[in-house]
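A.B. asks: Right, I'll just put the structure down here and ask away after.
Taken together, the values in this text are just the output of simple stated rules run on the coordinates, not laboratory data. What you are looking at is a predicted structure, and each value in this text was computed from that prediction instead of being measured. In this analysis, Cβ positions are derived from the backbone assuming ideal geometry, glycine residues included, and neighbour counts consider all displayed protein chains.
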Amino acid sequence: MANRGPSYGLSREVQEKIEQKYDPDLEQRLVDWIIAQCGGNLEKPQPGKQNFQKWLMDGTILCRLINSLYPRGKEPIKKIPESQMAFKQMEKISQFLQAAEAYGVTTTDVFQTVDLWEGKDMAAVQRTLMALGSLAVTKDDGQYRGDRDWFHRKAQGYRREFTDEHIDHMKTNSDIKHCTKVD
């Protein structure tokens, strides 16, 4: 919601590509999940990118969301002050982003505060919330509320343990020793 004039040329093309990535169906799924996760006492916004932005813009809902993914007493954001001052609202968004990273959302999946505040890249906001939801489902620690089919589970690492005996066996019986160079 910055006071900027229209963009032209390459800047306009880039902004149009960013805006095309926004998914209205995903917006509704995220709104439903956030309401379910936060306890259902949130007012549902009207559909649309600007309404979704306004709903999240003060940071209060985002802070409540991240806190709801932790057990009572272990919430990362202890105090969520109500404020109409822009810098306080941006601070709450920033606190949410830091808490999301601490929860396990990768840095590349985290949007920038201005993406939400100025509405520049609401698709990035959606990606962050999707990553957070997927991580919450994957953790399976009892804190996730909502339909588990809304988010995909993140792949879990498969760690293999080899004994020294097995490694020695593979070194001596490796198929690579039997390969010949073909010209």
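A.B. asks: Find out how many positive minus negative residues lie around W55, taking Lys and Arg as positive, Asp and Glu as negative, among other residues whose Cβ is under 11 Å from that of W55.
C.D. replies: That sum, taken over residues with Cβ under 11 Å, equals 0.
A.B. asks: Beta carbons within 10 angstrom, averaged per residue: use that to sort the peptides 130-139, 33-42, highest first.
C.D. replies: The most tightly packed comes first, giving 130-139, 33-42.
A.B. asks: List the residues, sorted by chain then number, that are 5 or more residues from E75 or on another chain and whose placed amide H is less than 5 Å from its amide H.
C.D. replies: Excluding prolines and chain starts, which carry no amide H, there are no hits.
A.B. asks: Separate question: In whole Hz, with x marking every Gly and Pro, tabulate ³J(HN,Hα) for region 43-49 from phi via Karplus 6.51 cos²θ - 1.76 cosθ + 1.60, θ = phi - 60°.
C.D. replies: 7, 6, x, 5, x, x, 4
A.B. asks: Also, quick follow-up: May I ask for the net charge around T113, where only other residues with Cβ less than 14 Å from the Cβ of T113 are counted and Lys, Arg are +1 while Asp, Glu are -1?
C.D. replies: -3
A.B. asks: Give me the percent relative contact order of region 9-156, please, defined on Cα pairs under 8 angstrom at least 6 residues apart.
C.D. replies: Dividing the mean separation by the residue count of region 9-156 yields 25 percent.
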